[in-house]
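Engineer: Here you go, one structure.
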Amino acid sequence: MTNAIFLRMRTLLITGAGVSAESGIPTFRGKDGYWRNLDPAKLATAKAFADRPKLVWEWYRQRRQWIRQAQPNPAHEAIVRLARHLNEFLLVTQNVDDLHFRAGMPHEKMVQIHGDIFETRCTGCNFVSPGSGGSAGLLGSCMLRGKSGDLNSAAPILQPDLESAEVPTCPECGEFMRPGVVWFGERLDTRQIQRVENFIAHAASDVVIVAGTTAAFGYIIDWAVRARAEKGQLLEVNPDATPLCPFATRLIREPAGVALPRLVDELLPTLRLR
Ligand code: OAD
């Protein structure tokens, strides 16, 4: 056992599908990405779910299966190593998989801004079966989300068979249950936005790293740019160019599984002295 050495280097790290690509999980817009062959309007919108809930569930259930079979890769592990040595760190991931979590990232240091694919929630009431945030996925106990949005863990409910039903229904109100992800046309969870905004407002970041995302959404670029301190760095890790490039102080054109372990070694020189 070594004593933890906390470095004063406030860091915001933003990840996207490219960070899970080396674990075998397809990206969305990259080569062989989902949205190259599939129409998001038919699979990832509230209308698609209303029209064809069975088809939508089949797709999400298949993705859950692929994610369960995948393992965290050196990029996920490097991010955890960085987080462990910094007391001012936040990971904002667009990934709905649980690979950051399974690599060891504590939930309090992570925001899943596009939701959690293992969460199942009711379309009619506040009933939620927690995902990776609830530790045991669908095997865990269910929780009710109060009107305020707070998880009410004092109200555990017996696990219904949400995983095997073609279209699971809510044990509370009987409405269809849906995956706990943010679909196109939907708002981000305000509590998760607030966590990111609080981190940015509290103090400027010495280091901002954006890895494995096309930065297709304005809020990703906005957070990365606003978080960086005047003399701080904004590093982008991506084999390809993105709209974030003009704002980056350094571009690392390599896969995340190669670049991030080396970058973390570079940022944490004390590691080698321990
Ligand atoms: P994209 O599929 O849009 O982008 C993946 C990015 O990863 C691309 O820029 C690739 O160049 C890069 N990439 C591929 N392999 C990589 C590797 N090994 N290392 C580093 N980078 C690599 O995925 P996101 O930007 O995450 O929304 O997409 C954002 C959101 O759009 C997703 O969260 C999803 C999607 O619709 C929801 O699920 C709500």
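The values are calculated or read from the model by the stated rules, or taken from the named source; none is laboratory data. Values in this document were obtained by computation on a predicted structure and should not be read as measured data. We place every Cβ from the backbone using ideal geometry, glycine too, and count neighbours over all the protein chains shown.
Engineer: Could you list, in sequence order, the residues of region 75-96 that are of a type in the set (S, T, N, Q) and under 20 Å from residue 238 (Cα atoms)? I'd like the intermediate steps shown before the answer.
Structural biologist: So in region 75-96, the residues of a type in the set (S, T, N, Q) come out as 87, 93-95.
Correct list: 93, 94, 95.
Engineer: When you check residue 116 against the structure, is it among the acidic types (Asp, Glu), surrounded by 21 or more Cβ atoms within 10 Å (Cβ to Cβ) and touching a residue at least 60 places away in the same chain (Cβ under 8 Å), yes or no?
Structural biologist: In short, yes.
Engineer: Another question, then. Being over 21 Å from residue 53 (Cβ atoms), touching a Phe, Trp or Tyr at 6+ places or on another chain (Cβ under 6 Å) and modelled with pLDDT of 95 or more is the filter here; which residues of region 108-137 pass it?
Structural biologist: 109
Engineer: Tell me, which residue of region 181-197 that is away from the ligand (no atom under 11 Å from the Cβ) and of a type outside the set (S, T, N, Q) is farthest from residue 113 (Cα to Cα)? Break it down stepwise before answering.
Structural biologist: Of region 181-197, the ones away from the ligand (no atom under 11 Å from the Cβ) are 187, 189-197.
Right, trim to of a type outside the set (S, T, N, Q) and you get 187, 189, 191, 193, 195-197.
Working: 187: 10, 189: 7, 191: 10, 193: 7, 195: 10, 196: 9, 197: 12 Å.
Going through the qualifying residues, I end up with 197.
Engineer: Return the pair list, or none, for Cβ contacts closer than 6 Å from residues in region 86-101 that are free of Cβ contacts under 8 Å to residues at least 12 places away in the same chain to residues that are within 16 Å of the ligand (Cβ to nearest atom), at least 6 apart or on different chains.
Structural biologist: Once the first residue is free of Cβ contacts under 8 Å to residues at least 12 places away in the same chain and sits in region 86-101, no partner that is within 16 Å of the ligand (Cβ to nearest atom) comes close enough.
Engineer: Looking at residue 214 and the list (1) within 23 Å of residue 84 (Cβ to Cβ); (2) buried (at least 19 other Cβ atoms within 10 Å of the Cβ); (3) within 16 Å of the ligand (Cβ to nearest atom), which single condition is not satisfied?
Structural biologist: (1)
Engineer: Being touching an Asp or Glu at 6+ places or on another chain (Cβ under 9 Å) and either modelled with pLDDT of 90 or more or not hydrophobic (A, V, I, L, M, F, W, C) (or both) is the filter here, so list the residues in region 157-178 that pass it. Give the derivation first.
Structural biologist: Taking region 157-178 first, the residues touching an Asp or Glu at 6+ places or on another chain (Cβ under 9 Å) are 157, 166, 168-169.
Selection gives 166, 168, 169.
Engineer: A follow-up question, please. For residue 40, all conditions in the list (1) farther than 22 Å from residue 269 by Cβ; (2) within 16 Å of the ligand (Cβ to nearest atom); (3) modelled with pLDDT of 95 or more; (4) in contact with a strand residue (DSSP E or B) (Cβ under 6 Å, 6 or more places away or on another chain) hold save one; what is the number of the exception?
Structural biologist: The single condition residue 40 does not satisfy is (3).
Engineer: Does region 257-266 include one or more residues that are loosely packed, with under 15 Cβ neighbours inside 10 Å and within 16 Å of the ligand (Cβ to nearest atom)? Step through it out loud before you land on a result.
Structural biologist: Start the filter on region 257-266 by keeping residues that are loosely packed, with under 15 Cβ neighbours inside 10 Å, which leaves 262, 265-266.
Remaining after also requiring within 16 Å of the ligand (Cβ to nearest atom): 262.
Checking region 257-266: at least one residue is loosely packed, with under 15 Cβ neighbours inside 10 Å and within 16 Å of the ligand (Cβ to nearest atom).
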